[in-house]
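Visitor: Quick one: the structure is below, questions incoming.
The values are calculated or read from the model by the stated rules, or taken from the named source; none is laboratory data. Please read all numbers here as calculations on a predicted model, not as lab measurements. Cβ placement follows ideal geometry from the backbone for every residue including glycine, while neighbour counts extend to all protein chains displayed.
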């Protein structure tokens, strides 16, 4: 029983990170019709930025996160400009184009920070909490808390603010949005910047849990993408559920199947998607002949 | 000319040429021992320059380069300069085989590397076929198991490391509740097998034996299981970075066992990754504990610091020794290559930073390690 | 064609003599490049020709290589026996990976295939039978009549012959019926189904082809390197393969080969500068995708287009008049359509409510109604695109509701679409050829076993296509891309394509939309001629003049239900029709005048 709960806690921690990554994917897809495979590498840049600020400039960790998000947000604006011609193209072109961009980011990171990477000490130095024999790493709770806050902030932004509503409008019909005076290009750029900011947050939070190196983005990106699809691509609440689901699945698979956890995770994922091809919350698209 | 006749002409011309070509000998140079007729000695240094294990590759290159520069400053080998060239195997055994073919076709007389046992094992058949001697820093017994007369170790094998470690932990310290965590790569597997064997010979069965993958980053599942068994010692059989992560997460989960391991635990990368506080008290089995062991190592460390601006460590020292052995063998054999060079290496007796090298049939040169304990960020020899 | 053969001959001869100029490492690089070229061709067949996202290609490669390795080193089979078994294994895995393609496409299929590839890598890295991270070494040298294939030079010739055959077969598939159907499916799977291409089978075929090519590549690789390890089959190599195919031009088989060879060589050249190479590579990929989406293979076409635009002035192709066909061959009068009690509900929206109507054989029936009344929904149900919530439809007594579009095409049903669904990346001729090809997928056995049958069928189809295009006046446009044609010509092409399937019942969805007066007249003539040749026609239209003059009977739909059914004259003056369709403030005298002369 103890192992069950321990695994649950571990899974939730990673699940929160995957959820943040998935939200970034879905947001960008929903507003711009772009499946951005460079998203994982943006997470990596965010992790590097935050950890570098934290470790060399001795900025407190929770200050370095917003700084990193700002930096990645700016990078996000640049990326959006560069990737704009790929929007609404067919999937393979988008895929390989954004992967190419991801390669550029990865090599730039290697050139800047070296190939080996570095470990990030946990910013929360207290001893783990002991709850009925389950060790809760305090940091995991912090991650969950911050991720939850970010999610609430995003949802409020999209539903309550004018900019957020504008973004939703663009997602539904960008021609109609232009017709009512929404600057689609600017809206897209902001959406992308928010997506990049979410990526940075995910990266910064995950850095002390894992190990920051240029290949960090690869696995996180793929699992985050799977999470976004699992929840229904473009669907923000779906991304959260998908992220948590993948995190838990990953954790339990690692516990039961050890080294074969990835095999199990992706087989289960395939089965779920086969049953519900548009994801758990996704909308079925109607074929308009 | 009509299309029909053009077609016929082209086809018959093609047929003639094909017939002619089959009459000629097959393409490709016949393999003969290339006698290098003077000029610099070309020696390849092969290691991972990218990816998680790239720090090892960097250290090895620096150690070997230092040795080469030192020899060249004294006039080289019998008046001929030494030319080192670095190749990146990307930590990928198949890329390694590619590099091996490249080395074989470009006239290199010997190879230093790699630090990854899996890559080395993959390269050995090709190097054996091309008769290129290789001194590797890998320590997996799998290398010796290939029985290639061209493969040499510049350090002890996992068996030695772990036998010494087991002796210290079980015989000297009386610690019997031992848990293992290792990765399923070539090195990790070698470590696990060697340590389990060393324990078994003392009648000790591990209380837990967890296996993780080489690119795993989160070890909660394995560590939770270990924690439940409440071991006295946690043996870690992984490379530097992964070992550091395992120890860091183990401490975060509240595992208070003594950490023990072999060469990777003696590196600065392990220290940084685990965090100084977490690495405190780690027991390390290594033939090169620190740069202050004796005059030779102090001199080496000083020269290394001067040349490369950073502190020397085990892998640099290993590569330095390995390079020196090759140069010595080249000198003694008067610039021989192929089988003769391999024989010369085997016959070389060299007093190196890791100890006194005497090579045996299996290519192992060093047969003992020491035990050190990390305290306050430094690896110091343990009081016996 | 002569130039092509000549070019191939020269390339072939150059390829034959290539090894004489290369050192031992050079020939190794070339050998690996050929393996990747095979993988790229397989990927191109699935993605470029079939439109199926296949990110598991590297897993097919791995399954085959590992199968050879395990069977030779662990189970003691001979190399060639293992090779055959490995191909079978790869094909089975191809079928397995193809199953998700039956349920989803695009990015969903992408992540599923990617996930399966990762699952494979994970298994291979950790399982003992595959040797784990160390892989399997010591694969025996393939025996071949005493030739020593450990020499990479001689191995090159084996590879060259295999590659030549494989490339030839791929080109053969891509340019004949099977490839055409796959391309139609890629361009518009809905329309492809409507002209009789069985989309699910074709999707599976795409994956099986890709896996077979991956399998052959795997066998050659195992025999060449004689060592398999997990890293070779990693996602990084999958993305490299993808880049090869996209940069080379995924829709062209030769493009894939060029991309594979170019990138393999480039990777070798840059091997010592890996980080900067990766940077440059990424930049090149992004630029290629943005600036040249058709890849290197598309560049010659783009150049000729620019050159031609500068040279020639006007396009002199003209639309010829429609030539009515002779009397029906079987003397039939078309099929009858009976719709009874059809209801269709979309999650809260009742699109159709208990709709019943029956169309007599040989009739021209109009279906009219305001926008949103459910007309196209009704068509979609009859043509198999939607399922019914209640009720059924039957053609000549055979129930059609619940069947797939391609099955209905075989029963003699054809249709056009409201928003024009032509196969955009195929020529006008190809659009028609796909529809004319009525062969069942079982006939695909001729591909590997009796290619001459395929060639003969091709010749046949082309003759018939020429005749059809002639009949519809489209001969001048045979090689044009549909999207470049004027709207009216595209509409005519869609009808021609529908007629190519030899239907007995034709559904036309707003065929006059966007046509000018003259074109509408031509359309009327065409529809009458079609009916006279033995086809029942049902058309949805908003152009009341056309409906009234052309149709024998008219059914009026409003808000999902039938509100009138009768001759045009009867229906036009009904108050509820006028109210629903025209609004009660409209002056109906014109309509009444038009209808009753």
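Visitor: Is it the case that residue C:117 is in contact with a helix residue (DSSP H, G or I) (Cβ under 8 Å, 6 or more places away or on another chain), at pLDDT below 90 and outside any loop (DSSP other than H, G, I, E, B)?
Guide: No; evaluated as a whole, the condition is false for this residue.
Visitor: Which condition number in (1) within 11 Å of chain A (Cβ to nearest Cβ); (2) not in a helix (DSSP H, G or I) is the one that residue B:242 fails?
Guide: Residue B:242 satisfies all of (1) within 11 Å of chain A (Cβ to nearest Cβ); (2) not in a helix (DSSP H, G or I) except (2).
Visitor: Would you say residue C:205 is in contact (Cβ under 8 Å) with a residue 24 or more places away in the chain, closer than 15 Å to residue C:46 by Cβ and assigned by TED's automatic domain parsing to the domain that holds residue C:91?
Guide: Spelling it out, residue C:205 is indeed in contact (Cβ under 8 Å) with a residue 24 or more places away in the chain, closer than 15 Å to residue C:46 by Cβ and assigned by TED's automatic domain parsing to the domain that holds residue C:91.
Visitor: Based on what the data block shows, is residue C:133 within 7 Å of another protein chain (Cβ to nearest Cβ), touching a helix residue (DSSP H, G or I) at 6+ places or on another chain (Cβ under 6 Å), crowded, with 22+ Cβ neighbours inside 10 Å and farther than 19 Å from residue A:95 by Cα?
Guide: yes
Visitor: Quick one: which residue in C:289, C:269, C:284, C:245 is within 10 Å of another protein chain (Cβ to nearest Cβ) and either in contact with a strand residue (DSSP E or B) (Cβ under 8 Å, 6 or more places away or on another chain) or closer than 27 Å to residue B:86 by Cβ (or both)?
Guide: None of the other options fit; the residue is C:284.
Visitor: Can I ask one more? Which numbered condition trips up residue B:98, out of (1) within 9 Å of chain C (Cβ to nearest Cβ); (2) over 29 Å from residue C:65 (Cα atoms)?
Guide: Of (1) within 9 Å of chain C (Cβ to nearest Cβ); (2) over 29 Å from residue C:65 (Cα atoms), only one is false for residue B:98: (2).
Visitor: Let me ask you something else. Anything in the range B:273-315 that is out of contact with any helix residue (DSSP H, G or I) (no Cβ under 7 Å at 6 or more places or on another chain) and assigned to a loop (DSSP other than H, G, I, E, B)? List them, or say none.
Guide: Of everything in the range B:273-315, those that are out of contact with any helix residue (DSSP H, G or I) (no Cβ under 7 Å at 6 or more places or on another chain) and assigned to a loop (DSSP other than H, G, I, E, B) turn out to be B:280, B:281, B:287, B:290, B:293, B:294, B:309, B:310.
Visitor: Filter the range C:449-477 down to the residues that are in contact (Cβ under 8 Å) with a residue 40 or more places away in the chain and in a helix (DSSP H, G or I) and list them by number.
Guide: Within the range C:449-477, C:451, C:454, C:455, C:457, C:458, C:461, C:469, C:470, C:471, C:475, C:476, C:477 qualify.
Visitor: Further, regarding this structure: Which condition number does residue A:124 fail, the rest of (1) without any contact (Cβ under 8 Å) to a residue 40 or more places away in the chain; (2) over 18 Å from the mean Cα position of the chain (by Cα); (3) in a helix (DSSP H, G or I) being met?
Guide: So the condition that residue A:124 fails would be (3).
Visitor: Against the condition under 30 Å from residue C:287 (Cβ atoms), surrounded by fewer than 20 Cβ atoms within 10 Å (Cβ to Cβ), without any contact (Cβ under 8 Å) to a residue 24 or more places away in the chain and within 14 Å of another protein chain (Cβ to nearest Cβ), how does residue A:141 come out, does it pass?
Guide: No: the conditions fail for residue A:141.
Visitor: Listed residues B:204, B:236; which is within 30 Å of residue A:119 (Cα to Cα), away from chain A (no Cβ under 14 Å) and either crowded, with 21+ Cβ neighbours inside 10 Å or in contact (Cβ under 8 Å) with a residue 12 or more places away in the chain (or both)?
Guide: B:236
Visitor: Further, regarding this structure: Within the range A:164-267, which helices (runs of 4 or more DSSP H) (wholly inside it) include 2 or more residues that are away from chain C (no Cβ under 14 Å), in contact with a helix residue (DSSP H, G or I) (Cβ under 8 Å, 6 or more places away or on another chain) and crowded, with 20+ Cβ neighbours inside 10 Å?
Guide: Counting at least 2 such residues, we get A:184-206, A:236-257.
Visitor: Something else now. May I ask you to list the residues in the range C:334-352 that are in contact (Cβ under 8 Å) with a residue 40 or more places away in the chain and surrounded by fewer than 19 Cβ atoms within 10 Å (Cβ to Cβ)?
Guide: Answer for the range C:334-352, where residues must be in contact (Cβ under 8 Å) with a residue 40 or more places away in the chain and surrounded by fewer than 19 Cβ atoms within 10 Å (Cβ to Cβ): C:336, C:338, C:340, C:341, C:343, C:345, C:350.
Visitor: Another question, then. Scanning for something facing chain C (nearest Cβ under 10 Å) and on the phi < 0 side of the Ramachandran plot, does the range A:113-120 turn up at least one residue?
Guide: Yes, the range A:113-120 contains at least one residue that is facing chain C (nearest Cβ under 10 Å) and on the phi < 0 side of the Ramachandran plot.
Visitor: Regarding the range B:174-192, can at least one residue be identified that is over 22 Å from the mean Cα position of the chain (by Cα), modelled with pLDDT under 90 and within 14 Å of chain A (Cβ to nearest Cβ)?
Guide: Taking every residue of the range B:174-192 in turn, none turns out to be over 22 Å from the mean Cα position of the chain (by Cα), modelled with pLDDT under 90 and within 14 Å of chain A (Cβ to nearest Cβ).
Visitor: So which of A:234, A:203 is within 19 Å of residue A:27 (Cα to Cα) and at pLDDT 90 or above?
Guide: Result: A:203 is the single residue among A:234, A:203 that is within 19 Å of residue A:27 (Cα to Cα) and at pLDDT 90 or above.
Visitor: Kindly provide the set of residues from the range A:50-64 that are surrounded by fewer than 24 Cβ atoms within 10 Å (Cβ to Cβ) and within 25 Å of residue A:190 (Cα to Cα), ordered by number.
Guide: A:53, A:62, A:63, A:64 - these are the residues of the range A:50-64 that are surrounded by fewer than 24 Cβ atoms within 10 Å (Cβ to Cβ) and within 25 Å of residue A:190 (Cα to Cα).
Visitor: Every residue in the range C:82-103 that is within 11 Å of chain A (Cβ to nearest Cβ) and either surrounded by 20 or more Cβ atoms within 10 Å (Cβ to Cβ) or part of a helix (DSSP H, G or I) (or both), please.
Guide: C:96, C:97, C:100, C:101, C:102
Visitor: Here is a list: A:45, A:75, A:99, A:65. Which entry is at the interface with another protein chain (Cβ under 9 Å from one of its Cβ atoms) and in contact with a helix residue (DSSP H, G or I) (Cβ under 7 Å, 6 or more places away or on another chain)?
Guide: A:99
Visitor: When only residues in the range C:404-426 that are out of contact with any helix residue (DSSP H, G or I) (no Cβ under 8 Å at 6 or more places or on another chain) and part of a loop (DSSP other than H, G, I, E, B) count, which is farthest from the other protein chains (Cβ to nearest Cβ)?
Guide: Filtering first and then ranking leaves C:412.
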